[in-house]
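Down below is the structure, laid out as structure tokens.
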Amino acid sequence: MSFSHLPKQPRGGPDGGDGGRGGDVYFQASEEYQSLGHLQKDAFLKAEDGAPGGKNKRHGKNGKELTIYVPAGTSICEKDKKEPLADLISDGEKIKVTEGGAGGKGNINFATSTNQAPRIATKGKGGTVKTLELTFSPKADIAVIGPANSGKSSLIACVTGNSPIIASYPFSTKKPSLWTYIHNFSRYVFLDTPPLIPEAAADIKILLRRAQILLIVLDSTQLSEIDKIELIIKEFVDYFEIYPKRKIAYVLTKIDKPKANKKFVTSYSIFPVSFKSEEGIEQLKEFLFGKD
Ligand SMILES: Nc1nc2c(ncn2[C@@H]2O[C@H](COP(=O)(O)OP(=O)(O)OP(=O)(O)O)[C@@H](O)[C@H]2O)c(=O)[nH]1
Ligand SMILES: [Mg+2]
């Protein structure tokens with residue numbers, strides 16, 4: 001609180017200026033980061049406080065903003081909330097997550113005709129404090145999803161020459177994994193996923209936020225089984241379709257088997273394939289990587 005005391009005006013009125021605003025807090029995706037390792041777990045990060053107001057009606061300086069840099073692919077979620085506050089997908093994207101608090105009012109604001117020497121000044125309002133959880137998903141170009149045992153890992157093995165676990169029992173893939181393939185000097189990252197079941201759908205969805213191609217792999221001898229996961233597939237497809245450049249295709253596997261059924265109706269491309277006889281693999285590769 002401040003009063004002016006000028007030589008000619010020893011009892012000058014109140015002159016305490018307002019405090020500055022606290023800084024805002026931003027998150028920005030930066031290509032300099034490939035993981036969240038630089039952000040200490042449970043860290044408390046805070047933008048600068050606003051400076052107090054001063055004599056001569058001087059307004060306090062506003063606090064500097066704080067920008068927290070994260071890799072592209074970081075999803076920011078408020079604790080205990082389901083939907084992310086933001087998904088920073090591309091480098092350079094920036095969002096504000098909290099507002100700095102308002103500065104306090106200096107006593108200059110409280111002078112009235114009856115109270116010329118107010119001894120009131122208000123405290124600044126605290127800015128918002130949020131508890132945020134960050135999840136980073138590395139970039140996968142081609143996401144492979146589908147029910148248990150449909151041949152997702154076999155597809156990745158056949159197309160990329162990598163060796164994910166392949167087995168005749170369901171849930172042989174327990175965790176999502178990334179597999180790299182170089183084709184014509186371009187690098188493609190494939191995402192292999194565990195079987196698509198309702199309980200795992202949200203975790204899988206978060207991983208394919210940045211994928212450009214979605215491959216839905218179905219066992220052509222078990223097409224009647226897909227009713228169970230049809231709704232989840234639709235959810236994924238709807239999500240993918242928001243981005244016009246992304247591609248979606250169905251892969252019908254095991255067409256070498258006698259019970260194979262290639263009759264499947266969809267508006268997307270369909271690739272009937274066999275990872276045993278390699279039938280249909282060339283067409284699938286062309287869809288994924290373009291013509292040689
Ligand atoms: N005959 C034949 N068998 C196939 C084909 N594709 C996959 N299989 C077999 O089907 C079984 C399941 O294959 P995976 O690639 O492990 O299937 P997945 O979808 O990754 O299975 P989960 O990880 O458990 O969801 C394995 O025994 C494969 O050898 C195919 O085109 N033809
Ligand atoms: Mg698998």
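Here are a few things to note about the model shown:
- Residues located in segment 114-147, provided they are hydrophobic (A, V, I, L, M, F, W, C) and either more than 16 Å from ligand 2 (Cβ to nearest atom) or at pLDDT 95 or above (or both): Ala117, Ile120, Ala121, Val129, Leu132, Leu134, Phe136, Ile142, Ala143, Val144, Ile145
- Members of segment 167-209 found to be within 11 Å of ligand 1 (Cβ to nearest atom) and surrounded by 18 or more Cβ atoms within 10 Å (Cβ to Cβ), listed by number: Thr173, Pro176, Asp192, Thr193, Pro194, Pro195, Leu196
- Cross-chain or 6+ apart pairs with Cβ under 6 Å, segment 55-66 first and more than 13 Å from Gly101 (Cβ to Cβ), then at pLDDT 90 or above and of a type in the set (Val, Ile, Thr): Leu66/Val25
- Residue list for segment 177-199, restricted to those being assigned to a helix (DSSP H, G or I) and within 12 Å of ligand 2 (Cβ to nearest atom): none
- The set of residues in segment 137-159 that are over 18 Å from Lys247 (Cα atoms) and under 27 Å from the mean Cα position of the chain (by Cα) comprises Ser137, Pro138, Pro147, Ala148, Ser153.
- Qualifying residue in segment 214-228 (condition: within 16 Å of ligand 1 (Cβ to nearest atom), at pLDDT 90 or above and assigned to a helix (DSSP H, G or I)): yes
- Just one of the listed residues (Lys174, Lys205) is of a type in the set (Lys, Arg), within 12 Å of ligand 2 (Cβ to nearest atom) and not in a strand (DSSP E or B), and it is Lys174.
- Residues of segment 255-273 classified as part of a loop (DSSP other than H, G, I, E, B) and either within 16 Å of ligand 2 (Cβ to nearest atom) or within 35 Å of the chain's Cα centre (by Cα) (or both), total: 6
Residues checked against (1) under 18 Å from Ser137 (Cβ atoms); (2) touching a strand residue (DSSP E or B) at 6+ places or on another chain (Cβ under 9 Å); (3) in the same structural domain as Gly126 (by TED's automatic domain parsing):
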| site | (1), (2), (3) |
| --- | --- |
| Glu31 | yes, no, yes |
| Leu66 | no, yes, yes |
| Lys79 | no, yes, yes |
| Glu93 | yes, yes, yes |
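The values are calculated or read from the model by the stated rules, or taken from the named source; none is laboratory data. Bear in mind that the values here come from a model prediction, so they are computed numbers and not experimental data. Cβ coordinates were reconstructed from backbone atoms using ideal geometry, including for glycine residues, and neighbour counts include every protein chain displayed.
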